[in-house]
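In what follows, a single structure is set out as structure tokens and then discussed.
The values are calculated or read from the model by the stated rules, or taken from the named source; none is laboratory data. Small disclaimer: the values here were computed from a predicted structure and weren't measured. Please note: Cβ atoms are built from the backbone with ideal geometry, for glycine as well, and neighbour counts cover all protein chains shown. Each accessible area value is taken on the protein alone, full model and side chains, heavy atoms only, with ligands, DNA and RNA left out. Shrake-Rupley method; radii C 1.70, N 1.55, O 1.52, S 1.80 Å.
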Amino acid sequence: MADFQSPTELKHNRGLIADPEAFARDANAASWLFLCGQEFAEMEGGMSYAQVQEAVDESANIVSDPPREMTMDLARQQVAALDELPRPTLVTCRTGPRSSAVIYLYAGLKADASADDVLARAEADEAPFTGSAELKAWVRQGLAELA
């Protein structure tokens, strides 16, 4: 774990985002990868991609929220988007598990880190995805298949 450091230029959410513009401003974000679909905008406490676009100059929307399964196809799309977006970059989902998984997968790929190191760092950082065996398996698979 000593070699793999916590991602610093990518920030995920830890819960619902009440004010997208304030969230982006507080993070000094240059861009935003939004993982939610339109159905989230219609939920109580939800937000829309239009709100993301109003909050930052550059953004991408790759719908990856439930009930969608996190697949390697989504991982490839997310990695490609993050390769294009300027830093610092926000990556958000509804409450944080999927966005944190994307961040640690991406950072692990860029650092050529082992899955064990990435998952150990994520556990130490209390990344929300570490509470999900499914998302940990997705990160492990992504590090193996996309490296």
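Note on segment 27-88: Rg/Rh from Cα positions, Kirkwood definition for Rh, rounded to two decimals, is 0.98. Rounded to whole numbers, the Karplus 3J(HN,Hα) couplings from phi for segment 106-117 are 4, 4, x, 4, 5, 8, 6, 8, 6, 4, 4, 5 Hz, using 6.51 cos²θ - 1.76 cosθ + 1.60 with θ = phi - 60°, and x at Gly and Pro. For the peptides 71-79, 102-110, the ranking by packing is 102-110, 71-79, with the highest mean count of neighbouring Cβ atoms within 10 Å listed first.
Near the amide H of HIS12, within less than 5 Å, lie the amide hydrogens of VAL91, all on another chain or at least 5 residues away, with H placed in the peptide plane. Take the Cβ atoms of ALA30 and GLU123, set R0 to 35 Å, and the FRET efficiency comes out at 0.75.
Out of the total accessible area of the chain (probe 1.4 Å, heavy atoms of protein only), what percent is carbon and sulfur? Heavy-atom surface of the chain belonging to carbon and sulfur, 1.4 Å probe: 45 percent. Shown is the FRET efficiency for ALA144 and VAL63, computed with R0 = 25 Å from the Cβ-Cβ distance and rounded to the nearest 0.05: 0.55. Each label point was placed 7 Å from the Cα along the Cα-to-Cβ direction; for THR71 and ASP83 their separation is 2.0 nm. Note that segment 55-61 has calculated 3J(HN,Hα) couplings of 8, 9, 6, 10, 7, 9, 10 Hz, one per residue in order, obtained from phi through the Karplus relation 6.51 cos²θ - 1.76 cosθ + 1.60 (θ = phi - 60°); glycine and proline are x.
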